[in-house]
Amino acid sequence: MTILITGGAGFIGGHTVLALIDRGEIPIVLDDLSTGNRAAVPSGVPFFAGDIGDTELVLRLIQNHRIDAIVHFAAKIVVPESVADPLNYYLNNTVKTHTLLQAAVRGNVKHFVFSSTAAVYGNPSSTPVSETADPAPLSPYGRSKLMSEYMLVDASAAYDLRYVTLRYFNVAGADPARRLGQSTPGATHLIKVALETALRRRSYMNIYGSDYPTPDGTCVRDYVHVSDLARSHLAALDHLRDGGESRTLNCGYGRGYSVRQVVDAVRRVAGVDFEIRQAPRRAGDPASIVANSDELMKLGWEPELNDLPTMIEHALEWEKKLTAVT
Ligand code: UDP
């Protein structure tokens, strides 16, 4: 049976495609290439350029490829962009997830794995945060994902569909075998920005906010290696195939680093200094968020690359490769 990967030409989707083929699964990719990269999809994996909101296309793929599971990555993911253009986020992340889900139900797909985010928690009252905490997203991005989570809960109660929602914490790193990394032009994520600065593709970088209620005043995040995160989707699929009930699960390491700590680690790993500028807080940023992922580990997920310098090293290797070809 075949697995439909939406957004499989993107950073997390692409690494999950690698994890799937590494263990002999058969994925096909649907991606509109708005931020994804065709070259991220390995040769031999069927690729379809198109929109997850195109019901006829999705239904045709489900039928022609005998899809029995959908892993849904395709989304917009930049918090400040969602604050500036919320309706675009609700369209891409919520409305189109509805359309995709409807196609899944009509096409009789029984298993659905959904990419959600720690942004659904907002500023949790206790940290590490577990899945039982009340969601309170601070951004349209977080709300657009939370609304999709609710749709999945209701759809699985009503139809013959089970799901695993994975709430990703901060995803970083690159494939240790150097096949793939973060290639999105104009990326805004911290480790990517810091590495681009270390490699002199930016002359300086900003640190957004220095007055958060954290030990050094900068935001604290739980950075998870993309290849470990990719493997969490295998655990989710195995759980669903074994008849497991629908679940919503955190995916992070349970250890937080401040923005300053990350920047210092990038300087150390890259072996270069670079300019940082203190900038105002960025809209929609929670102060501190760290995962309790005990429930995901009970499903068989085991972190293998949970070391910040290793994550940065892998991402640096990929950035150097990108620099070499551009
Ligand atoms: N950040 C920063 N400078 C940058 C990019 C990010 O100071 O150039 C901070 C950002 O304000 C947040 C943290 O790094 O506190 C992680 O942001 P990122 O965009 O990587 O992920 P998010 O947590 O928003 O999903």
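The values are calculated or read from the model by the stated rules, or taken from the named source; none is laboratory data. Note that the structure is a prediction, hence the values are computed from the model and not measured. Neighbour counts run over all protein chains shown; Cβ positions are idealised from the backbone, glycine included. To get the accessible areas, we keep the full protein, side chains included, count just its heavy atoms, and leave off ligands, DNA and RNA. Shrake-Rupley method; radii C 1.70, N 1.55, O 1.52, S 1.80 Å.
A few notes on this one:
- Filter pass, Tyr223 being in contact with a strand residue (DSSP E or B) (Cβ under 8 Å, 6 or more places away or on another chain), within 15 Å of the ligand (Cβ to nearest atom), under 17 Å from Ser293 (Cβ atoms) and aromatic (Phe, Trp, Tyr): yes
- Some residue of region 77-91 being within 25 Å of Leu234 (Cβ to Cβ), open to solvent by 30 Å² or more (accessible area, probe 1.4 Å) and under 19 Å from the mean Cα position of the chain (by Cα): yes
- Restricting region 117-139 to residues that are open to solvent by 50 Å² or more (accessible area, probe 1.4 Å) and of a type in the set (Ser, Thr, Tyr), the residue that is farthest from the ligand (Cβ to nearest atom) is Thr132.
- Hits in region 144-175 (condition: surrounded by fewer than 22 Cβ atoms within 10 Å (Cβ to Cβ), of a type in the set (D, E, K, R) and in contact with a strand residue (DSSP E or B) (Cβ under 7 Å, 6 or more places away or on another chain)): Glu149, Arg162
- Just one of the numbered conditions (1) open to solvent by 60 Å² or more (accessible area, probe 1.4 Å); (2) away from the ligand (no atom under 15 Å from the Cβ); (3) closer than 18 Å to Ala118 by Cα is not true of Arg282: (2).
- Checked against (1) buried (at least 18 other Cβ atoms within 10 Å of the Cβ); (2) within 12 Å of the ligand (Cβ to nearest atom), Ala187 passes all but condition (1).
- Across region 285-307, the number of residues qualifying as within 16 Å of the ligand (Cβ to nearest atom) and in a loop (DSSP other than H, G, I, E, B) comes to 4.
- Among residues of region 268-279, those that are within 14 Å of the ligand (Cβ to nearest atom) and not polar (S, T, N, Q), counted: 5
- Meets criteria (in a helix (DSSP H, G or I) and at pLDDT 95 or above) for Arg167: no
- Filter result for the condition that a residue is outside any helix (DSSP H, G or I) and within 16 Å of the ligand (Cβ to nearest atom), over Gly142, Gly181: Gly181
- Looking only at residues in region 226-249 that are over 24 Å from Gln182 (Cα atoms), in contact (Cβ under 8 Å) with a residue 40 or more places away in the chain and not hydrophobic (A, V, I, L, M, F, W, C), the one that is farthest from the ligand (Cβ to nearest atom) is Arg241.
- As for region 308-325, it holds no residue that is in a loop (DSSP other than H, G, I, E, B), open to solvent by 20 Å² or more (accessible area, probe 1.4 Å) and away from the ligand (no atom under 16 Å from the Cβ).
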